[in-house]
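A.B. asks: Structure below; questions to follow.
The values are calculated or read from the model by the stated rules, or taken from the named source; none is laboratory data. Small disclaimer: the values here were computed from a predicted structure and weren't measured. Virtual Cβ from ideal backbone geometry, glycine too; neighbours counted across all protein chains shown.
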Amino acid sequence: MSKPGLLFVFGESGPLLSDAEFNDWYDNEHVPLRMEIAAFRSTTRWTAADGKRPRYLATYDLASCAVLDEAPYNTFAHTRSPRETDVIRRVQLLDRRTYEVLEPVFPPAAGYEQSAAGRTLITLQIDIKPELEDELNRWYEEEHIPLLSKVPGWRRSRRFVLKDAGPAKGTDAAKVEGRPPKYLAIHEWASPANFETKEFKHATSTPWRMKLFDSAYVWDRREFKEMKTWVQK
C-alpha cells in the first residue's frame, strides 16, 4: 500500500519578480490548480520567520507520491499558462523535493485543525552516519516527539524520508547543489513563544539529542510562519 507523501518546495521571488506578483500567482493560480486533484489533500504556504533564505516554503500533503507521476499533474509542465511561463522565467528559485511519510505517525494535539491560521512551523533536515540512522529514528520515537508533545503550544509533528529532489527552477537553479538530506521533520506550533518554555528547552537539549546532533553531517533547522492553507473539500 502506498504511503502518504509530501511535496516540499522552497521559493524565492528574486530581483526580477516582485513578491506581490509571486504571491498572487502562487495563491490564485498555482495552488488552486493543484487542489483540483483529489490526491492533493492540503497545501500550506509559509514565509520565513528566521531571516534566512529561501524566504518561502510550500508544503503539499499527498495521498501518495504516485500522484506526481500521473495525469493531470504530470501534464502541468507542458500546459502552463502564459502567466505561469513568465513567472517561471523570472523567479529566482523553486527548489522541489518529494518525501514519503516515516512511521510511526504520531497523533496531533487534541483539537488540532489544519485550517487554523497563524501556525509556526519548524523544519529540520538531517543527514547522519548510516550506522546511526536506527538510533536517530528511535530517539524521535522514544524520546523527542513524546517530549515535544508535552510542550505547551505543540500542535503536530511528522517525519519523512526523501524520495526525490529537483530539478530546481529559476535564475538561481544552477546554484542548487547535491542531494538534500535524507530525513525531514516538520513540527507545527501555536506560537514562537512556545520555544521559550522550560519543556521545549528540555526536549531540545537532552544528552541523547546532543549526541545525535554532534554526530550529524547536516542538522538544518528553519522556522516559518503560516501564510495560507488550502484543505481538500
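A.B. asks: Looking at the range 24-48, which of its residues are in contact (Cβ under 8 Å) with a residue 60 or more places away in the chain and not aliphatic (A, V, I, L, M)?
C.D. replies: Restricting attention to the range 24-48, the residues satisfying the condition of being in contact (Cβ under 8 Å) with a residue 60 or more places away in the chain are 25, 27, 31-32, 35, 38, 40-48.
The answer is TRP25, ASP27, PRO32, PHE40, ARG41, SER42, THR43, THR44, ARG45, TRP46, THR47.
A.B. asks: With the requirement that a residue be among the charged types (D, E, K, R), more than 20 Å from the chain's Cα centre (by Cα) and in a helix (DSSP H, G or I), what does the range 23-40 give you?
C.D. replies: From the range 23-40, those among the charged types (D, E, K, R) are 24, 27, 29, 34, 36; that's our starting set.
Now restrict to residues that are more than 20 Å from the chain's Cα centre (by Cα): 24, 29, 36.
Those that are among the charged types (D, E, K, R), more than 20 Å from the chain's Cα centre (by Cα) and in a helix (DSSP H, G or I): ASP24, GLU29.
A.B. asks: Residue check: is ILE145 crowded, with 18+ Cβ neighbours inside 10 Å, assigned to a strand (DSSP E or B) and at pLDDT 95 or above? It would help to see each step written out before you state the result.
C.D. replies: Values: crowded, with 18+ Cβ neighbours inside 10 Å: yes; assigned to a strand (DSSP E or B): no; at pLDDT 95 or above: yes.
So ILE145 fails the test.
A.B. asks: Might you check whether a residue that is over 19 Å from LYS169 (Cα atoms), at pLDDT 95 or above and in contact with a Pro (Cβ under 7 Å, 6 or more places away or on another chain) occurs anywhere in the range 6-27?
C.D. replies: Checked against the condition, which is being over 19 Å from LYS169 (Cα atoms), at pLDDT 95 or above and in contact with a Pro (Cβ under 7 Å, 6 or more places away or on another chain), the range 6-27 yields no hits at all.
A.B. asks: So, in the range 1-20, exactly how many residues are of a type outside the set (S, T, N, Q), out of contact with any helix residue (DSSP H, G or I) (no Cβ under 7 Å at 6 or more places or on another chain) and surrounded by fewer than 17 Cβ atoms within 10 Å (Cβ to Cβ)?
C.D. replies: 4
A.B. asks: Considering only residues that are part of a strand (DSSP E or B) and of a type in the set (A, V, I, L, M, F, W, C), look in the range 41-55 and name the one that is surrounded by the most Cβ atoms within 10 Å (Cβ to Cβ). Outline the logic, then answer.
C.D. replies: Filtering the range 41-55 for residues part of a strand (DSSP E or B) gives 41-48.
Cutting the leftovers down to of a type in the set (A, V, I, L, M, F, W, C) gives us 46, 48.
On the way: TRP46: 25, ALA48: 17.
The extreme case among them is TRP46.
A.B. asks: Out of all the residues in the range 123-142, which are in a helix (DSSP H, G or I), hydrophobic (A, V, I, L, M, F, W, C) and closer than 12 Å to ALA185 by Cα? Please lay out each step first, then the result.
C.D. replies: Of the residues in the range 123-142, the ones in a helix (DSSP H, G or I) are 130-142.
Now narrow it down to the ones that are hydrophobic (A, V, I, L, M, F, W, C): 132, 136, 139.
The answer is LEU136, and nothing else.
A.B. asks: Considering only the range 195-213, how many residues are farther than 24 Å from GLU103 by Cα and in contact with a strand residue (DSSP E or B) (Cβ under 7 Å, 6 or more places away or on another chain)?
C.D. replies: 0
A.B. asks: Hey, could you check the range 56-114 for residues that are part of a helix (DSSP H, G or I) and of a type in the set (Lys, Arg) and say which is nearest to TRP46 (Cα to Cα)?
C.D. replies: Of the residues in the range 56-114, the ones part of a helix (DSSP H, G or I) are 65-69, 73-78, 82-90.
With the extra rule that they be of a type in the set (Lys, Arg), the set shrinks to 83, 89-90.
Values: ARG83: 22, ARG89: 22, ARG90: 21 Å.
Ranking the candidates gives ARG90 first.
A.B. asks: Identify, by number, the condition in (1) surrounded by 13 or more Cβ atoms within 10 Å (Cβ to Cβ); (2) modelled with pLDDT under 95 that TYR183 doesn't meet.
C.D. replies: So TYR183 meets the others, but not (2).
Yes/no per residue for (1) surrounded by fewer than 18 Cβ atoms within 10 Å (Cβ to Cβ); (2) over 19 Å from the mean Cα position of the chain (by Cα); (3) modelled with pLDDT under 95:
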residue	(1), (2), (3)
ALA71	yes, yes, no
THR98	no, no, no
PRO108	yes, no, no
LEU121	no, no, no
GLU131	yes, yes, no
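A.B. asks: Of the residues VAL101, VAL91, which single one is of a type in the set (Val, Ile, Thr) and more than 23 Å from CYS65 (Cβ to Cβ)? Reasoning before the result, please.
C.D. replies: Details: VAL101 fails: more than 23 Å from CYS65 (Cβ to Cβ).
It is VAL91.
A.B. asks: Determine whether ALA110 is under 22 Å from GLU36 (Cβ atoms) and without any contact (Cβ under 8 Å) to a residue 40 or more places away in the chain. Don't jump to the end; show me each part of the working.
C.D. replies: Working: under 22 Å from GLU36 (Cβ atoms): no; without any contact (Cβ under 8 Å) to a residue 40 or more places away in the chain: yes.
No; evaluated as a whole, the condition is false for this residue.
A.B. asks: Right, here's the next one. Among the residues in the range 73-85, are any in contact with a strand residue (DSSP E or B) (Cβ under 6 Å, 6 or more places away or on another chain), under 28 Å from SER13 (Cα atoms) and at pLDDT 95 or above?
C.D. replies: Taking the range 73-85 first, the residues in contact with a strand residue (DSSP E or B) (Cβ under 6 Å, 6 or more places away or on another chain) are none.
No; the residues of the range 73-85 include none that is in contact with a strand residue (DSSP E or B) (Cβ under 6 Å, 6 or more places away or on another chain), under 28 Å from SER13 (Cα atoms) and at pLDDT 95 or above.
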